[in-house]
1. Would you kindly derive the ³J(HN,Hα) couplings of the range 220-228 from the backbone phi angles with the Karplus curve 6.51 cos²θ - 1.76 cosθ + 1.60 (θ = phi - 60°), listing them in order in whole Hz, with x for Gly and Pro?
2. State whether the chain is rounded, prolate or oblate according to the following rule on the C-alpha gyration tensor (a ≥ b ≥ c being the square roots of its eigenvalues): a/c under 1.5 gives rounded; otherwise a/b larger than b/c gives prolate, and the remaining case gives oblate.
3. Using a basic spin-label model with each label point 7 Å from the Cα along Cα→Cβ, how many nm lie between Thr92 and Ala196?
4. How far is the Cα center of the range 179-252 from the Cα center of the range 17-80, in Å?
5. Extension gain Val104-Glu149, at 0.36 nm per residue separation less the Cα-Cα distance, in nm?
6. Work out the FRET efficiency for Thr183 and Met69 from their Cβ-Cβ distance, taking R0 = 41 Å, and round it to the nearest 0.05.
7. Under 1.5 on a/c is rounded, so check that first for the range 1-123, then, if it is not, pick prolate when a/b is larger than b/c and oblate when it is not; a ≥ b ≥ c are the square roots of the alpha carbon gyration tensor eigenvalues.
8. With a 10 Å radius around each residue's Cβ, average the other Cβ atoms per peptide and rank 210-218, 172-180, highest first.
Amino acid sequence: MALDEVTITRAILAEQLRILMEHLELDVGVVGGGPSGLVCAALVAERGKSCALIEKKLSVGGGMWGGGMMFPRIVVQEEARRLLERFDISYTEQAGNYFVASSVEAVAKLTAAACDAGVEFMNLTTVEDVVIKESGRVSGLVINWTAVEMARLHVDPLTISCRFTVDATGHDACIASLVERKTGAIRVKGERSMWAERAESQVVHHTKEVYPGLIVTGMAANAVAGEHRMGPIFGGMLLSGEKAAQLILERI
Ligand code: 48H
């Protein structure tokens, strides 16, 4: 069969535009494709909610790829072991009830689960603003190509609507920070020093709706709350993503 370049181009454009048009009005927009965002997106989509995950980088996985200091291993504690099993991530047991998994396998399996559940991935796309109207609720995400931001071009963005937005942007809590800046209604206290035990227990507690329509998860939850960081233990990220999904599923 002869391969025609224009036909290849037409196939990509036709399919991608169809998909984008189908995802302009979402139940859930997850911003950030680290572990907490991937878990949240997979679990809401598994329950039939329309969900897109918007990731500014080329690949999802966030800070999980690098494991601990670039050793591609993550640690998960007993409380979250069931989520390793839930997503079919293999692990070994180490002294003290610590479970160790490959960071690469963990990213791959969480991503595969999200794909299988029907999550639409919008990579290379940055959320640069949110929509808040008289309802006083985050009701949409303002998106642009990451390349536009990197090149500092003045190009106006496009917008998608979401019933719920999940800030899974990690240490910077980008979406909560935007809402802080634009409304003054919330405060992002900023992340504190390393204290694994406290940070891990608190990250689930701080996974909540911080502004109508906006749920924070993962490191973003601790950054908003002024809580500690935990280093390369990832159980809290998985549990936080699960809690974010549960909070949304209770509401829609
Ligand atoms: C689109 C964006 C935007 C934007 C950022 O950092 P992450 O891996 O997030 P979490 O919270 O799921 O996991 C945190 C974990 O990886 C970690 O860093 C830990 C446990 N650290 C402990 C410690 O002590 O340091 O992923 C966030 C993702 C990234 O992929 C960003 O590129 C993306 O969000 N992102 N995507 N629009 N405005 N901002």
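1. Listing the rounded values in order: 4, 5, 6, 5, 4, 7, x, 9, 7 Hz.
2. On the way: a/c = 1.74, a/b = 1.22, b/c = 1.43.
Oblate shape, in that a/c is at least 1.5 and b/c is the bigger or equal ratio.
3. 1.7 nm
4. 15 Å
5. Working: separation 45, 0.36 × 45 = 16.20 nm, distance 2.81 nm.
Result for the pair: 13.4 nm of gain on full extension.
6. On the way: r = 38 Å, r/R0 = 0.92.
E between Thr183 and Met69, to the nearest 0.05, is 0.60.
7. Working: a/c = 2.66, a/b = 1.86, b/c = 1.43.
Verdict is prolate for the range 1-123.
8. Numbers: 210-218: 26.1, 172-180: 22.7.
Descending packing order for the listed peptides: 210-218, 172-180.
The values are calculated or read from the model by the stated rules, or taken from the named source; none is laboratory data. As the structure is a prediction and not an experimental result, all values here were calculated from the model. We place every Cβ from the backbone using ideal geometry, glycine too, and count neighbours over all the protein chains shown. For the accessible areas, the whole protein counts, side chains as well, though only heavy atoms, and no ligand, DNA or RNA atoms are used. Shrake-Rupley method; radii C 1.70, N 1.55, O 1.52, S 1.80 Å.
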